[in-house]
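S.K.: Below is the structure I would like to discuss, written out as C-alpha cells.
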Amino acid sequence: MIKFFRKIRQNLLSEGKTGKYFKYATGEIVLVVIGILIALQVNTWNQSRLEINKEKAYLRNIEADLKQQLSYISIQLEHEYEHDSIGQMILDRYNKEKVLRLDSTLSQQLNALTIRNTFIKADPTYQDLISTGNIRLIKDEKLRNEILSYYMELERIESIMMNNNLLYVDEMFAMKIIHNVYIGKTNERLIKVSNQLMQDPKQEMLVMNLLDIRKSITTGHIQFMNELKEKTELIQESVQQYTQ
C-alpha cells in the first residue's frame, strides 16, 4: 500500500503537477493519522474489554472467598459457643454448690477451655488486588470502597482475636490453670491434692477469676463473629448485584 501511494506521488512530480502532489501528500498524511487514531481506538477498546473481563474474574473470586469466609465464621462460632456453654456449666455448678470441687468432669471442662480455635480469614483475592494495584479495576467506586472497608475490618478482627488467644487464653488462662489445677486424665490422688489446694479462698478466687476472663473472651469473640457474618453477607450481596 505504501509503495502504491509512493508511486502515485512520483508520477505527479514527474508530470510537474506540484500542486496536486502536495494536496495528495497532505491527504495521505491525513489518512495515515486517521489510521493511527483508529488503531489507537481499537487498542483502547481491547484494553478496556480486557480490564472488564479481569474485573469480572476478580469479583467472581471475591464471591468465592466470601463464601469460604462464611464457612470459617460458622466453624469459629461453633467453637466459641461450645466454650461459652462449658464456662456457663462450670459457673452454674459453682453457684449451686457454693464451692469449686474438682472431679473428672470439671477437670475435662477446664482442659477443654485451655484449647482455642485460630480464626482464619479467606482473603487471597483481596491480597492480590492490593499487591498488584488491580484494585483500580473495580470501576464502581462505592463497591470498591465497600470491599476495602470490609477487608480492613476483617484484618482488625483477626488481629484482636489473635491477641486475645495469645495473651488471655494461652498465656493467662491455660498456663495458670495448668499451674494451679490438675486437668489431666482422671487421677484420684492428683484430683485430691487439687481439691485440697482449692480449699484456700485465694486459690478458689484465682480460678474463678480466670474462668470469668475466659468466658468474657468467648463472649467477645461470639459478638465479633456474628457482626462479621452480617457484614460478610452484605458485601456478598453487593458483589452479586454488581456482577448480575
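The values are calculated or read from the model by the stated rules, or taken from the named source; none is laboratory data. Nothing here was measured: the structure is a model prediction, and the numbers come from that model. Cβ coordinates were reconstructed from backbone atoms using ideal geometry, including for glycine residues, and neighbour counts include every protein chain displayed.
S.K.: For region 212-231, which residues satisfy the criterion of being polar (S, T, N, Q) and surrounded by 15 or more Cβ atoms within 10 Å (Cβ to Cβ)?
M.R.: Scanning region 212-231 gives a single hit, Thr218.
S.K.: Consider region 168-185. How many of its residues are of a type in the set (Val, Ile, Thr), modelled with pLDDT under 85 and farther than 20 Å from Val99 by Cβ?
M.R.: 1
S.K.: Please find, within region 194-207, the residue that is modelled with the highest pLDDT out of those that are assigned to a helix (DSSP H, G or I) and loosely packed, with under 14 Cβ neighbours inside 10 Å.
M.R.: The qualifying residue modelled with the highest pLDDT is Met205.
S.K.: How many residues, within region 209-244, are under 17 Å from Ala122 (Cβ atoms) and aliphatic (A, V, I, L, M)?
M.R.: Summing the residues that are under 17 Å from Ala122 (Cβ atoms) and aliphatic (A, V, I, L, M) in region 209-244 gives 5.
S.K.: Still on this model: Go through region 107-145 and give me each residue that's more than 17 Å from Tyr72 (Cα to Cα) and of a type in the set (Lys, Arg).
M.R.: To start, the set of residues in region 107-145 that are more than 17 Å from Tyr72 (Cα to Cα) comprises 107-115, 127-145.
Passing the criteria: Arg136, Lys139, Lys142, Arg144.
S.K.: Okay, next question. Anything in region 80-112 that is within 36 Å of the chain's Cα centre (by Cα) and of a type in the set (A, V, I, L, M, F, W, C)? List them, or say none.
M.R.: If the condition is that a residue be within 36 Å of the chain's Cα centre (by Cα) and of a type in the set (A, V, I, L, M, F, W, C), then Ile86, Met89, Ile90, Leu91, Leu110, Ala112 are the ones that fit.
S.K.: Quick one: would you say Ile135 is in a helix (DSSP H, G or I), surrounded by fewer than 17 Cβ atoms within 10 Å (Cβ to Cβ), hydrophobic (A, V, I, L, M, F, W, C) and modelled with pLDDT of 95 or more?
M.R.: Yes; evaluated as a whole, the condition is true for this residue.
S.K.: Could you give me the residue pairs with C-beta distances under 6 Å whose first residue belongs to region 140-163 and is within 26 Å of Tyr242 (Cα to Cα), whose second residue is surrounded by 11 or more Cβ atoms within 10 Å (Cβ to Cβ) and of a type in the set (A, V, I, L, M) wherever it lies, and which are 6+ apart or on separate chains?
M.R.: Arg144/Ile138; Glu146/Ile235; Tyr150/Ile235
This table checks each residue for (1) touching a Phe, Trp or Tyr at 6+ places or on another chain (Cβ under 9 Å); (2) at negative phi; (3) surrounded by fewer than 19 Cβ atoms within 10 Å (Cβ to Cβ).
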| position | (1), (2), (3) |
| --- | --- |
| Ser85 | no, yes, yes |
| Leu91 | no, yes, yes |
| Asn95 | no, yes, yes |
| Asp103 | no, yes, yes |
| Gln108 | no, yes, yes |
| Leu113 | yes, yes, no |
| Asn117 | no, yes, yes |
| Ile120 | yes, yes, yes |
| Tyr126 | yes, yes, no |
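S.K.: Arg136 fails exactly one of the following numbered conditions: (1) of a type in the set (Lys, Arg); (2) within 13 Å of the chain's Cα centre (by Cα); (3) farther than 25 Å from Ile217 by Cβ. What is the number of that condition?
M.R.: The number of the failed condition is (2).
S.K.: Only one of (1) under 25 Å from Pro201 (Cβ atoms); (2) hydrophobic (A, V, I, L, M, F, W, C); (3) surrounded by 15 or more Cβ atoms within 10 Å (Cβ to Cβ) is not met by Met161, so which one is it?
M.R.: (1)
S.K.: Look through region 109-127, keep the residues that are assigned to a helix (DSSP H, G or I) and either touching a residue at least 12 places away in the same chain (Cβ under 8 Å) or basic (Lys, Arg) (or both), and return whichever of them is farthest from Asn163 (Cα to Cα). First the steps, then the outcome.
M.R.: Step one: of region 109-127, the residues assigned to a helix (DSSP H, G or I) are 109-113, 124-127.
Narrowing the set further to residues that are either touching a residue at least 12 places away in the same chain (Cβ under 8 Å) or basic (Lys, Arg) (or both) leaves 109-113, 124-126.
Details: Gln109: 23, Leu110: 21, Asn111: 21, Ala112: 19, Leu113: 17, Pro124: 22, Thr125: 25, Tyr126: 23 Å.
Step by step, filter region 109-127, then rank; the result is Thr125.
S.K.: Could you run through region 68-83 and say how many residues are among the charged types (D, E, K, R) and surrounded by 13 or more Cβ atoms within 10 Å (Cβ to Cβ)?
M.R.: Of the residues in region 68-83, 2 are among the charged types (D, E, K, R) and surrounded by 13 or more Cβ atoms within 10 Å (Cβ to Cβ).
S.K.: Determine whether Met175 is within 19 Å of Glu80 (Cβ to Cβ), free of Cβ contacts under 8 Å to residues at least 60 places away in the same chain and assigned to a helix (DSSP H, G or I).
M.R.: No, not satisfied.
S.K.: Taking the stated definitions as given, is Tyr126 among the aromatic types (Phe, Trp, Tyr), under 33 Å from the mean Cα position of the chain (by Cα) and over 30 Å from Lys56 (Cα atoms)?
M.R.: The answer is no for Tyr126.
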